[in-house]
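So the structure is just underneath, and the comments pick up after that.
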């Protein structure tokens, strides 16, 4: 295989969708897997081990041993080949392989020679990343060690699945709480009316000596008052001002995450990267659901198509649209721009990635994936561009 051709799995779209179903914050997972990266290094006898997840643009190292790395452009990685395999991918001498011999990690000071990777395969059969080990010395792992590393890889998938399950259960609980609050609101009005009528009848009935009717009215009054008190209790427990939970972002927190995750990509291409927020709404909570994946893809895409010393700016805001609060993510670049025809194709969900301005390889489904995620959240996207001057993507995601 030529070193100039980006290796793309035949199921790339479904593979990335499977990764995004986990809805992960790549900057917040190290403690979940640090014991497994340590174990993998000890099993293999290597200096380095990594747990990597690979999206459209980037290899995210969510846990590492023996090396301090958080992310690498996908086109620079060895693991992009591992996710093509069912069993494993091994390179006994990186310096002798045409695909890797010119990479920075093969030269000094790292001088890496040996690589062994096992794909992280989900229960639905998609390789979302890899468990890999590396060393400066030539090696060859025994079948016994390979089988032990496969057990570690399976445990990584099990833990990722557990994290996903916990998130789903929390989201269901959150929906149930919001439903109970809505029900309390819905029943409070009619109950107040019933109680008011019963009080009126009770006052009039006392004068008319309507004993049997009064008893029935009193029963209605007591029952309605009891339910009304319950509704008030539910509403007071939930509160009108919703606190920030671990399942929520606000604009400030999202800004911090985006700066941490994507500044290295911008610095790699000598691009100015700035994230702005609307100061009036910085602390209002909104759902985390797929926000990092959508914003991250837009930012990576903007960096990819912006030349050196260009600018990528992100504006985060909350806007009222048709009586609904929406999260607005606007990404503006000074890149090569896109044509009106291409914009129309993107909005129809029918375009794949192409190569970037700095030689970055195209990996299939960058903008198509963004559109798919936005549609799944009932959001919308607007694109404006001037060829040769830059592009602006704005995404609006409705919030409850």
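Some points to look at:
- An ellipsoid equivalent to region 12-141, defined through the eigenvalues of its Cα gyration tensor, has semi-axes of 23, 16, 14 Å when rounded to whole angstrom and sorted largest first.
- Label-point separation, residue 98 to residue 345 (7 Å along Cα→Cβ), nm: 3.0 nm
- Each peptide in 328-334, 166-172 receives the mean, over its residues, of other Cβ atoms within 10 Å, and ordering these scores from highest gives 328-334, 166-172.
- In region 248-399, Rg over Rh equals 0.95, where Rg is the alpha-carbon radius of gyration and Rh the Kirkwood radius from pairwise Cα distances.
- Given their separation in residues at 0.36 nm each and the Cα-Cα distance between them, residue 263 and residue 69 gain 68.5 nm when the chain is fully extended.
All of the numbers you see were taken from the coordinates with simple rules; none came from a lab. Quick caveat: nothing in here was measured; it's all calculated off a predicted structure. Neighbour counts run over all protein chains shown; Cβ positions are idealised from the backbone, glycine included.
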